[in-house]
Amino acid sequence: MSEAIIRRPARQIRVGNVPVGGGAVIAVQSMTNTPTADVAATAAQIRRLEQAGCDIVRVAVPDEASAAAIAGIKARIGIPLIADIHFDHRLAIAAVRAGADGLRINPGNIGTVRKVRAVVECAKERGIPIRIGVNAGSLEKEIVKKYRGATAEGMVESALRHIELLRGLDFDAIKVSLKASDVARTVAAYRRLAGLTDVPLHLGVTEAGTLFSGIVKSALGIGMLLSEGIGDTLRVSLTRDPSEEVRVGFEILKALHLRRRGPEIIACPTCGRTRIDLFGIVERIEQALTGCTAPITIAVMGCVVNGPGEAREADIGIAGGDGVGILFRKGKVVKKFPEERLVEALLAEVARVEKSLKREAAGSGDLR
Ligand code: SF4
């Protein structure tokens with residue numbers, strides 16, 4: 001058993017019906033990449049995100065048509081929606097009036113205190129939170145000058161200024177993100193801010209990159225912070241279909257035992273002892289279980305050296321032999337199968353476990 005992570009205490013806010021901070025499960029977010037004004041396409045993408053397990057979705061609101069589209073999108077989706085606004089405070093107000101469940105603004109580029117106040121009053125009226133999104137790329141000029149660059153200290157100073165600004169307007173439903181494109185600066189900034197305030201923190205490494213480097217950077221940056229107990233919600237940024245962001249987000253949480261959704265597949269890397277097509281088997285299992293939400297641990301091991309031990313510790317496991325494999329359930333051998341029937345047998349076993357878990361969870365209605 002790994003040691004439990006002690007989470008940093010943060011105030012709780014709510015984005016629609018999703019609590020963030022204050023010990024709530026870490027919410028997984030993503031952002032659409034369809035034109036927001038295209039209600040049908042955006043709502044369809046959000047529904048796919050919902051199926052992938054996304055808790056909160058964010059849409060870009062670059063113009064009035066996008067702000068107005070929020071009402072139509074909201075009517076077609078089941079998760080809270082955050083409007084992402086830059087520069088124009090009137091768009092923030094329009095988005096809130098159209099039914100947004102939260103705002104993401106950078107008060108630094110919204111303009112005068114009068115404009116920020118107008119946005120805050122509107123959010124207060126509707127009881128919705130605001131995320132202060134500090135981005136290393138758009139830090140205030142005087143802060144960059146003071147710290148001789150967009151440093152972690154500068155990002156934190158910017159965040160604290162904005163927190164103070166909103167609190168000065170008697171507004172406390174705040175969360176903060178501090179994003180830089182490199183892991184070290186991002187982690188340093190969050191660590192510093194985490195010790196200075198109790199606002200819930202939204203984690204992410206911005207412009208993390210293409211799929212491969214993006215996953216590595218996000219898993220490192222977000223993972224390091226989460227493992228220290230920092231972070232109340234997260235978004236993995238990938239240059240890909242946003243559903244992949246949700247998938248990676250859950251994998252990070254799963255790896256740290258912070259949240260489970262779907263099966264955890266443990267597979268051996270294979271070596272000279274492997275006598276079955278383990279790569280193919282794992283791929284087929286992963287494919288077949290894409291939509292499975294049951295928190296089952298599945299071990300797929302290549303041989304009888306380490307295989308049976310690992311397979312026994314999992315809920316369900318396979319230990320391969322020469323063209324055959326043994327199927328285990330909760331440490332007990334179910335049966336030996338020829339290689340070509342192994343996947344089918346394992347999936348049938350998964351379906352049985354899933355069914356019994358669903359029966360057990362019927363009361364709570366949630367397998368996540
Ligand atoms: Fe090799 Fe067996 Fe270990 Fe897989 S479980 S890496 S096949 S020794």
Residue with peak Gaussian network fluctuation, the chain [Cα springs, cutoff 10 Å], from Gly133, Gly302, Gly323: Gly323
Cα-based helix-to-principal-axis angle, 242-255 vs the chain, degrees rounded to 10: 70
Among Ile85, Ile130, Ile281: highest mean-square fluctuation, GNM of the chain, C-alpha pairs under 10 Å: Ile281
Under unit Cβ charges (Lys, Arg +1; Asp, Glu -1), what dipole magnitude, rounded to 20 debye, does segment 114-231 have relative to its Cα centre? 280
Could you tell me the distance between the Cα centroids of segment 111-181 and segment 1-67, to the nearest Å? 20
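Quick one: pull the percentage of alpha-carbon pairs in segment 99-206 with a separation above 23 Å.
23
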Amide H neighbours of Lys175 at under 5 Å, excluding residues fewer than 5 places away on the same chain, with H built from the backbone geometry, are Ile130, Arg131, Ile132
Ranked by GNM mean-square fluctuation in the chain (Cα springs under 10 Å), the top entry among Asp84, Asp241, Asp277 is Asp277
Residue separation times 0.36 nm, minus the C-alpha to C-alpha distance between Asp322 and Gln12: what's the value? 106.2 nm
0 to 90° range, to nearest 10: angle between helix 211-227 axis and the chain longest Cα axis: 80
Ordered by number, the trypsin sites (Lys or Arg not before Pro) in segment 271-342 that occupy a DSSP loop and have at most 12 other Cβ atoms within 10 Å are Lys330
Angle between the Cα long axis of helix 39-52 and the longest principal axis of the chain, 0 to 90 degrees, nearest 10? 50
The chain, relative contact order in percent, only Cα pairs under 8 angstrom and at least six apart counted: 13
Treating only Lys and Arg (+1) and Asp and Glu (-1) as charged, each at its beta carbon, one finds that the chain has a dipole about its Cα centre, in Debye to the nearest 20, of 560
Any idea what the dipole of segment 182-336 comes to, in debye rounded to 20, about its Cα centre with Lys/Arg Cβ at +1 and Asp/Glu Cβ at -1? 500
Please report the projected area of segment 207-270's Cα convex hull averaged over all directions, in nm². 4.9
Run the helix sum for the chain: -39,500 (n - 2.57) per DSSP H stretch of 4+ residues, divided by residue count, reported at 222 nm to the nearest 500 deg cm²/dmol. -13500 deg cm²/dmol
How big is D, in µm² s⁻¹, for the chain by Stokes-Einstein at 4 °C and 1.567 mPa s if Rh is the Kirkwood radius over C-alpha pairs? 59
So, how do all the Cα-to-Cα distances of segment 249-345 break down into 10 Å bins, in percent, from 0 on up? 18, 50, 28, 4
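All of the numbers you see were taken from the coordinates with simple rules; none came from a lab. The structure presented is a predicted model; accordingly, all values stated were derived computationally and were not measured. Glycine gets a Cβ as well: all are built from the backbone with ideal geometry, and neighbour counts include every protein chain shown.
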